[in-house]
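J.: Dumping the structure here so I can ask a few things about it.
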Amino acid sequence: MSEVATSDLMRQYVVPNYGRFPVEFVRGEGSWLFDEENKRYMDFATGIAVCSLGHCHPVIQEALRDQGQKLIHCSNLYQIREQALLAQHLVEKVMGKGGKVFFCNSGAEANDSLIKLARKYGNDLSDPGGRYEIITCEGSFHGRTLGGIAATGQDKVKAGFEPQLEGFKHVPYNDVEALENAVGNKTVAILIEVLQGEGGIHIASEDFLKTALRLRDEHDLLLMFDEVQCGLGRTGSKRTWDDVVSGIEPDAVSWAKGLAGGFPMGAIWVNADRTTGSVPLCDALGPGSHGSTFGGTPLGSAVALAVLQEIEKEKLWENATRMGVYIQDQVNDWNNPLIHEIRGQGLMLGFVLNVSKLEENKAFVDSGEMASLFVVKRLMEASLLTVPAGADVVRWLPALNVSREGVDFALARMRHGLDSLCV
């Protein structure tokens, strides 16, 4: 009997909550993925900004092998040295500022942790439930838990899951006046993606971040940054907000995705300078207040530390800057009518499509698909993996160590794919 196809097994046994492309990957090497027919694809999606060192990097393999032979899991009831060393790296090398770290499994968990931290802060400042509202932005994405979708400023993720968790206000991204007007006597925090990913690759303005900082100080709020997709070198620096304006010090930051290069890992950093009640903010989530069974295991922590040390050793944020500038310069020289603009920073880039021009293509019109998905599928046929970001943006998220040759391959396939759609 022939082996049952993976797609048939998926259809029969896996919840259909993803719109999956018809390809099965069986092997990865650097920036390449290989399917079951051994066809290779240049991966400029990287698990949506997860594989920060590409696929099967030697330092990840070594960390898995070495730590896997010593201790894989140990309850957080005990002291875990690997977790402490990873936290030390995040505090000293990434943040460069005193604070403490909580570990979990994903970006959604990390952002839920920020929400709980903000509510704890509000409860410590006033009567229970007096201050609990968090301001977030339209177009944001903060995860798919009930807390995450409530915080997210996109209606499409909320539909069908009512009633929503209360306590969130969404303001237009980079609208200073709207941000100022949103602050009320119940506001406890502002949560911002400094560079929005799912929302279409938009970066915060200097005025917007400075206003958030001022409101934090004037109203005794928490300023929290969601760095789940854009953080840890992807935009050309360790801290995305440094690319926008210097001197901003947030109260808490969330990370995940590229943190462990493909191993499930999320984290938050909490500032040691702020206080809540009689304790530093970084100590507000005391014993019994929060937890995660698999957060910061010896194995996961060892892998994440190996990834971050490689990024630090090779200064991969500098490669992200160089390759990002090179990509934008090349694309701007194309003058392709299907590209309205390219935006973003470092290796988090969005190709904004000219939908009206694409509508001249009969295959696109007949497909009934949104423009970004249609183009992503065409590029996949040309062996280039990309990601939609909203209805009209194709997202590039290559590995931070991607080579010039890899970028040139992707540029050639992208250009050819777009040219083939011009009629």
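The values are calculated or read from the model by the stated rules, or taken from the named source; none is laboratory data. Quantities reported herein were computed from a predicted structural model and do not represent experimental measurements. All Cβ positions, even for glycine, are placed from backbone atoms using ideal geometry, and neighbour counts span all protein chains on display.
J.: Hey, any hits in segment 269-287 for a residue that's under 21 Å from residue 81 (Cα atoms) and of a type in the set (Val, Ile, Thr)?
T.: yes
J.: Go through segment 91-107 and give me each residue that's in a helix (DSSP H, G or I) and either surrounded by 24 or more Cβ atoms within 10 Å (Cβ to Cβ) or at positive phi (or both).
T.: 107
J.: Is it true that some residue in segment 388-405 is without any contact (Cβ under 8 Å) to a residue 24 or more places away in the chain, more than 21 Å from the chain's Cα centre (by Cα), surrounded by fewer than 23 Cβ atoms within 10 Å (Cβ to Cβ) and not assigned by TED's automatic domain parsing to the domain that holds residue 155?
T.: Among the residues of segment 388-405, at least one is without any contact (Cβ under 8 Å) to a residue 24 or more places away in the chain, more than 21 Å from the chain's Cα centre (by Cα), surrounded by fewer than 23 Cβ atoms within 10 Å (Cβ to Cβ) and not assigned by TED's automatic domain parsing to the domain that holds residue 155, which makes the answer yes.
J.: Let me ask something else. Taking the options 259, 213, name whichever one is part of a helix (DSSP H, G or I) and under 26 Å from residue 83 (Cβ atoms).
T.: 259
J.: Residue under question is residue 351, and the condition is that it be outside the structural domain of residue 239 (by TED's automatic domain parsing) and in a helix (DSSP H, G or I); does it hold?
T.: Taking the combined requirement at face value, the residue does not satisfy it.
J.: Going by the conditions given, is residue 254 polar (S, T, N, Q) and closer than 22 Å to residue 191 by Cα? Talk me through it step by step, then tell me what you get.
T.: Details: polar (S, T, N, Q): yes; closer than 22 Å to residue 191 by Cα: yes.
Yes: the conditions hold for residue 254.
J.: Report the residue count in segment 295-339 for those that are outside any helix (DSSP H, G or I) and within 12 Å of residue 263 (Cα to Cα).
T.: 3
J.: On the basis of being touching a Ser or Thr at 6+ places or on another chain (Cβ under 9 Å) and either in the same structural domain as residue 108 (by TED's automatic domain parsing) or touching a residue at least 12 places away in the same chain (Cβ under 8 Å) (or both), does residue 243 make the cut?
T.: yes
J.: Kindly provide the set of residues from segment 77-90 that are surrounded by 21 or more Cβ atoms within 10 Å (Cβ to Cβ) and not aliphatic (A, V, I, L, M), ordered by number.
T.: 82, 83 - these are the residues of segment 77-90 that are surrounded by 21 or more Cβ atoms within 10 Å (Cβ to Cβ) and not aliphatic (A, V, I, L, M).
J.: Right, residue 69: without any contact (Cβ under 8 Å) to a residue 24 or more places away in the chain and under 29 Å from residue 309 (Cβ atoms) or not?
T.: yes
J.: Related question: For residue 285, which of the numbered conditions (1) within 21 Å of residue 148 (Cβ to Cβ); (2) within 23 Å of the chain's Cα centre (by Cα); (3) among the aliphatic types (A, V, I, L, M); (4) surrounded by fewer than 22 Cβ atoms within 10 Å (Cβ to Cβ) fails to hold?
T.: (2)
J.: Across segment 217-246, what is the number of residues that are closer than 29 Å to residue 126 by Cβ and either assigned to a helix (DSSP H, G or I) or not hydrophobic (A, V, I, L, M, F, W, C) (or both)?
T.: Within segment 217-246, residues that are closer than 29 Å to residue 126 by Cβ and either assigned to a helix (DSSP H, G or I) or not hydrophobic (A, V, I, L, M, F, W, C) (or both) number 7.
J.: Ok, one more. Pull out all pairs, ordered by first then second residue, where Cβ-Cβ is under 6 Å, the residues are six or more apart or on different chains, the first lies in segment 103-130 and is within 14 Å of residue 148 (Cβ to Cβ), and the second is among the polar types (S, T, N, Q).
T.: 104/292; 108/145; 110/254; 111/254; 112/145; 114/254
J.: Collect the residues in segment 151-165 that are without any contact (Cβ under 8 Å) to a residue 24 or more places away in the chain, surrounded by fewer than 23 Cβ atoms within 10 Å (Cβ to Cβ) and either part of a loop (DSSP other than H, G, I, E, B) or not β-branched (Val, Ile, Thr) (or both), keeping them in residue-number order.
T.: Selection gives 155, 156, 158, 159, 160, 161, 162, 163, 164, 165.
J.: I need a count of the residues in segment 241-265 that are of a type outside the set (A, V, I, L, M), surrounded by 24 or more Cβ atoms within 10 Å (Cβ to Cβ) and closer than 21 Å to residue 134 by Cα. Talk me through it step by step, then tell me what you get.
T.: Looking only at segment 241-265, we keep the residues that are of a type outside the set (A, V, I, L, M), and these are 241-243, 246-247, 249-251, 254-255, 257-258, 261-264.
Still in the running and surrounded by 24 or more Cβ atoms within 10 Å (Cβ to Cβ): 241, 250-251, 254-255, 257-258, 261.
Going one step further and asking which of them are closer than 21 Å to residue 134 by Cα, we end up with 241, 250-251, 254-255.
Result for segment 241-265: 5.
J.: Consider residue 322 carefully, then state whether it is closer than 26 Å to residue 59 by Cα and over 18 Å from the mean Cα position of the chain (by Cα).
T.: yes
J.: Please indicate, with yes or no, whether at least one residue in segment 124-143 is assigned to a helix (DSSP H, G or I), of a type in the set (A, V, I, L, M), at pLDDT 95 or above and assigned by TED's automatic domain parsing to the domain that holds residue 240.
T.: No, the conditions are met nowhere in segment 124-143.
J.: How many residues are in a helix (DSSP H, G or I) and either crowded, with 22+ Cβ neighbours inside 10 Å or among the charged types (D, E, K, R) (or both) if we restrict to segment 359-373?
T.: Summing the residues that are in a helix (DSSP H, G or I) and either crowded, with 22+ Cβ neighbours inside 10 Å or among the charged types (D, E, K, R) (or both) in segment 359-373 gives 4.
J.: Okay, moving on. Of these, 344, 417, which one is under 19 Å from the mean Cα position of the chain (by Cα) and either assigned to a helix (DSSP H, G or I) or more than 22 Å from residue 20 (Cα to Cα) (or both)? Break it down into steps so the answer makes sense when it comes.
T.: Working: 417 fails: under 19 Å from the mean Cα position of the chain (by Cα).
Answer to the selection: 344.
J.: Identify the residue in segment 218-236 that is on the phi < 0 side of the Ramachandran plot and of a type in the set (A, V, I, L, M, F, W, C) and, among all such residues, is surrounded by the most Cβ atoms within 10 Å (Cβ to Cβ).
T.: 230
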